[in-house]
Every structure is written in C-alpha cells, then in structure tokens.
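**Student:** Have a look at this one.
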Amino acid sequence: MGKSLREQEREKQQQELKAQKEREKKRLKAEKKYQKEREKQGFATKSRKSENDKIRDAGKKLNLAILAVAALLAIVLVIVFVV
C-alpha cells in the first residue's frame, strides 16, 4: 500500500526543511569566506548578512510607520467629511 497523503506531505515538509538548512549552511560558509577575503584586504569587517538584516529591519519599521500614518489620515478624513 502507498503512504497516506499526510505522511507524504510530512515527508515533503521535512525534505524542504532539510534543503533550507543546507542552503543556509552554504550561505554562511560563503559569507565567512567573503568576510575573510575582505579582512585580508583591509576593508570593512562588517558582514553582508548583518548589513542586509539592518536594511530589512529598517524597511519593516518604515512600513509600519506608513501604515500608521495612513490609518490616522483615514480617521481624519472620516471626521472631516462626516462632521
């Protein structure tokens, strides 16, 4: 008999998770190699990963600020046109 649909789905998710971990390991290895080369050349010691993480965090904060301003603007418009 074949495997149930749930078992197949679970196995698929486990394989995807394993593949994701492998990709992360390869990325970290490449990052370390890149970092070492940059340090040998005497350039900045910051990693690309940390810089990218900072940029993503700033982007999230900006998106939240934009949503907050849009919500406040909508409230003001409702008050102006209703009252």
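The values are calculated or read from the model by the stated rules, or taken from the named source; none is laboratory data. What you see is a predicted model, and the numbers here were worked out from it, not measured in a lab. All accessible areas refer to the heavy atoms of the entire protein, side chains included, with ligands and DNA or RNA removed. Shrake-Rupley method; radii C 1.70, N 1.55, O 1.52, S 1.80 Å.
**Student:** In the chain, what percent of the accessible surface is made up of carbon and sulfur (1.4 Å probe, ligands and nucleic acids excluded)?
**Tutor:** On the chain, the fraction of accessible area on carbon and sulfur atoms equals 61 percent.
**Student:** Here is a follow-up. Before I look further, what does the chain give for accessible area per residue, probe 1.4 Å, in whole square angstrom?
**Tutor:** 98
**Student:** Now, a different point. Give me the angle, in degrees from 0 to 90, between the Cα long axis of helix 48-82 and the longest principal axis of the Cα atoms of the chain, rounded to the nearest 10.
**Tutor:** Approximately 20 degrees, to the nearest ten.
**Student:** What does the extension gain come out to for S50 and R6, with contour length at 0.36 nm per residue minus their alpha carbon separation?
**Tutor:** 12.0 nm
**Student:** Ok, one more. Could you tell me the extents of the chain's C-alpha atoms along the three principal axes, largest first, rounded to whole Å?
**Tutor:** So the extents along the principal axes, rounded to whole Å, are 63, 62, 7.
**Student:** Also, I was wondering about something else. Using alpha carbons only, how many degrees (0 to 90, rounded to 10) separate the axis of helix 5-41 from the longest principal axis of the chain?
**Tutor:** 80
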